[in-house]
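One structure is given here, and the rest of the page talks about it.
The values are calculated or read from the model by the stated rules, or taken from the named source; none is laboratory data. It should be emphasised that the depicted structure is a prediction, and the values quoted were computed from it without experimental measurement. Don't worry about glycine lacking a Cβ; one is built from the backbone with ideal geometry, like all the others, and counts go over all protein chains shown. To get the accessible areas, we keep the full protein, side chains included, count just its heavy atoms, and leave off ligands, DNA and RNA. Shrake-Rupley method; radii C 1.70, N 1.55, O 1.52, S 1.80 Å.
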Amino acid sequence: MIDPRLLRESPDDLRESQRRRGEDVALVDRLAALDIERRSKQTAYDDLRAEQKQLSKRIGPLQGAVKKGDSSAQAELDDLMAQASQLSDRVKAADAAAGEATRALDEAWLELSNVVDMRAPVGGEEDVAVLEMVGSPRDFGAEGFTPRDHLELGELLGAIDVERAAKVSGSRFYYLTGVGALLEIALLNLAMAQATRNGFIPVIPPVLVSPRAMEGTGFLGQAAENVYRIESDDMYLVGTAEVPLAGMHSDEIMPASGLPKRYVGWSSCFRREAGSYGKDTRGIIRVHQFDKVEMFVFCDPADAEAEHERILQWERDFMDALEIPYRVIDVATGDLGSSAARKFDIEAWIPTQGTYREVTSTSNTTQFQARRLGIRMRSGDEVQPVATLNGTLCAMPRIIVAILENHQQADGSIVVPQALRPYLGRDVLELP
RNA sequence: GGAGGGAUGGCCGAGCGGCCGAAGGCGACGGUCUUGAAAACCGUUGAGGCGUAACCCGUCUCCGUGGGUUCAAAUCCCACUCCCUCCGCCA
């Protein structure tokens, strides 16, 4: 949800934002009409209600007078009661009309995506702007061998088992076994060590959440088809810890002195991957369930941009520590998702695919989520919605893919990046 | 799953159907006093919509959520949610 004042004061900015996203521009005009409708209905109700309160206030004393035997008051009382009774019906009708108008407006508001940052490149998936290339891909030709893909390596190492996972859960599931499981635990510890060093509060959140949390973070719009819903209980499995972390402070007013508030969550993530049939069917690049370490920040909207840069830098620090070549991209407007105003992805080099693949993503959702979730800050006597930001620190399967493929040796063993060694307790993952 | 109790402002806590956005206390903030602080005393202290672009001011809404009764609901009725206690079951 965005600031309603924008709708009245600069609707053209909203239209431009919708246009850049490739979303419905007419929605802005529909909203404007509904907004006017709501205000007039609400004012009508307010006026009637004020009248009713005035009238009602006079009835009590009159009833007292009548009780004491003042028969002259009886006529006035009867008259007032008749008026009030009639007014009551009108108030109820006006209330219903105002309520209806408010509901219609609120519903339409939920359809409107966040206003894009005008610096974000315009376009779709192919229109990303590459901000930076870091590290350089290994030349396996020069080293004299052809790299194996992560699944082959994972199977050789006894680290990844998708065949058995298919028996148990179907396609796009996996077991991490042996060094695979240990690798995830080591990555978790490395990520948590970095995050806590940077002042993040570690959190293990619930992953089954109410519609409110899902709606508030913007995942029930276009993204809804990728969300698992537990029908019998009207709950959702989260696709990222961003959801429970954002919801943590819903309906709270946070003191400005306590901001920024930085959390790092570790959770399982569930994604239906609807519409991605045939994509990444081999291995663990695209799966229905995986674990992820996610950074989430509540901050003053004035600091959001700087915080976004910091989060990106922390993501890069992690990639640097793992010695994986990557590039940083500025995601185009058509690919932002409903809540982000701007998004930077880090894409890791995947040798066997000869391309860069997304491993982290950081979004500045400005006040969009905070407005929906009722998360505000107080500075002095001013109260306003906070800004929220999120960023991946370590999405397990994809990072494991990147490590295996980039650090493999001719025999299929894996050189463990220096930074990970203390957490893994070995320098090389040897074939069993 | 069964039985009972509860939900009021930052916190605690009172509240007869009308004078209740709500007593009282705590906390916080401002002031008096003090060399300074503490204590004491005085005062201020919720959020949102609309009238306004903003202030002042006015008005409406909000006492877990949603309905209902009534001229009038924090207060009465119904449903739901959450929390607590006890029993049962499970990890």
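What strands (runs of 3 or more DSSP E) lie completely within segment A:332-432 and have 1 or more residues being among the aliphatic types (A, V, I, L, M), surrounded by 21 or more Cβ atoms within 10 Å (Cβ to Cβ) and within 16 Å of RNA strand B (Cβ to nearest atom)? Explain how you work it out, then say what you get.
Details: elements: A:342-350, A:355-364, A:375-379, A:382-385, A:387-395.
Output list reads A:375-379, A:387-395.
Given the criteria out of contact with any helix residue (DSSP H, G or I) (no Cβ under 9 Å at 6 or more places or on another chain) and of a type in the set (A, V, I, L, M), does A:V359 qualify? Lay out the reasoning, then the answer.
Working: out of contact with any helix residue (DSSP H, G or I) (no Cβ under 9 Å at 6 or more places or on another chain): no; of a type in the set (A, V, I, L, M): yes.
No, not satisfied.
Out of contact with any Ser or Thr (no Cβ under 7 Å at 6 or more places or on another chain), open to solvent by 90 Å² or more (accessible area, probe 1.4 Å), in the same structural domain as A:D106 (by TED's automatic domain parsing) and under 25 Å from A:R372 (Cβ atoms): which single residue out of A:R8, A:R15 fits that description?
Details: A:R15 fails: open to solvent by 90 Å² or more (accessible area, probe 1.4 Å).
Just one listed residue meets the conditions, A:R8.
Return a yes/no flag: does segment A:91-102 have any residue that is under 21 Å from A:V28 (Cα atoms), open to solvent by 80 Å² or more (accessible area, probe 1.4 Å) and under 43 Å from the mean Cα position of the chain (by Cα).
Looking through segment A:91-102, at least one residue is under 21 Å from A:V28 (Cα atoms), open to solvent by 80 Å² or more (accessible area, probe 1.4 Å) and under 43 Å from the mean Cα position of the chain (by Cα).
How many residues does segment A:190-211 hold that are crowded, with 16+ Cβ neighbours inside 10 Å and in a helix (DSSP H, G or I)?
Final tally of qualifying residues: 5.
Hey, among A:Q409, A:Q367, which residue is touching a strand residue (DSSP E or B) at 6+ places or on another chain (Cβ under 7 Å) and modelled with pLDDT under 95?
Details: A:Q409 fails: modelled with pLDDT under 95.
After applying the criteria, what remains is A:Q367.
Go through segment A:90-102 residue by residue and tally those that are near RNA strand B (Cβ under 7 Å from one of its atoms) and in contact with a Leu (Cβ under 7 Å, 6 or more places away or on another chain).
Residues meeting the conditions: 1.
Contact list please: Cβ distance under 8 Å, first residue in segment A:54-67 and more than 12 Å from A:L87 (Cβ to Cβ), second residue more than 8 Å from RNA strand B (Cβ to nearest atom) and polar (S, T, N, Q), pairs at least six apart or on different chains.
A:V66/A:Q74
Looking at A:L77, A:L62, A:L55, A:L87, which is the one that is more than 9 Å from RNA strand B (Cβ to nearest atom) and open to solvent by less than 50 Å² (accessible area, probe 1.4 Å)?
Numbers: A:L62 fails: more than 9 Å from RNA strand B (Cβ to nearest atom); A:L55 fails: more than 9 Å from RNA strand B (Cβ to nearest atom); A:L87 fails: more than 9 Å from RNA strand B (Cβ to nearest atom).
Among A:L77, A:L62, A:L55, A:L87, only A:L77 is more than 9 Å from RNA strand B (Cβ to nearest atom) and open to solvent by less than 50 Å² (accessible area, probe 1.4 Å).
On the basis of being within 9 Å of RNA strand B (Cβ to nearest atom) and either of a type in the set (G, A, S) or in contact with an Asp or Glu (Cβ under 8 Å, 6 or more places away or on another chain) (or both), does A:A120 make the cut? Break it down into steps so the answer makes sense when it comes.
Values: within 9 Å of RNA strand B (Cβ to nearest atom): no; either of a type in the set (G, A, S) or in contact with an Asp or Glu (Cβ under 8 Å, 6 or more places away or on another chain) (or both): yes.
No; evaluated as a whole, the condition is false for this residue.
Considering A:E125, A:E132, which residue is among the acidic types (D, E), over 27 Å from A:Q367 (Cα atoms), more than 12 Å from RNA strand B (Cβ to nearest atom) and touching a residue at least 60 places away in the same chain (Cβ under 8 Å)? Spell out how you get there, then give the answer.
Working: A:E125 fails: over 27 Å from A:Q367 (Cα atoms).
Exactly one residue qualifies, and that residue is A:E132.
Can you confirm whether A:D303 is surrounded by fewer than 24 Cβ atoms within 10 Å (Cβ to Cβ) and in contact with a Gly (Cβ under 6 Å, 6 or more places away or on another chain)?
In short, no.
Are there any pairs, at least 6 apart or on different chains, whose C-beta atoms fall under 7 Å, with the first in segment A:20-48 and more than 12 Å from RNA strand B (Cβ to nearest atom) and the second open to solvent by 70 Å² or more (accessible area, probe 1.4 Å), and if so, which?
A:R20/A:V122; A:V25/A:R19; A:L27/A:E111
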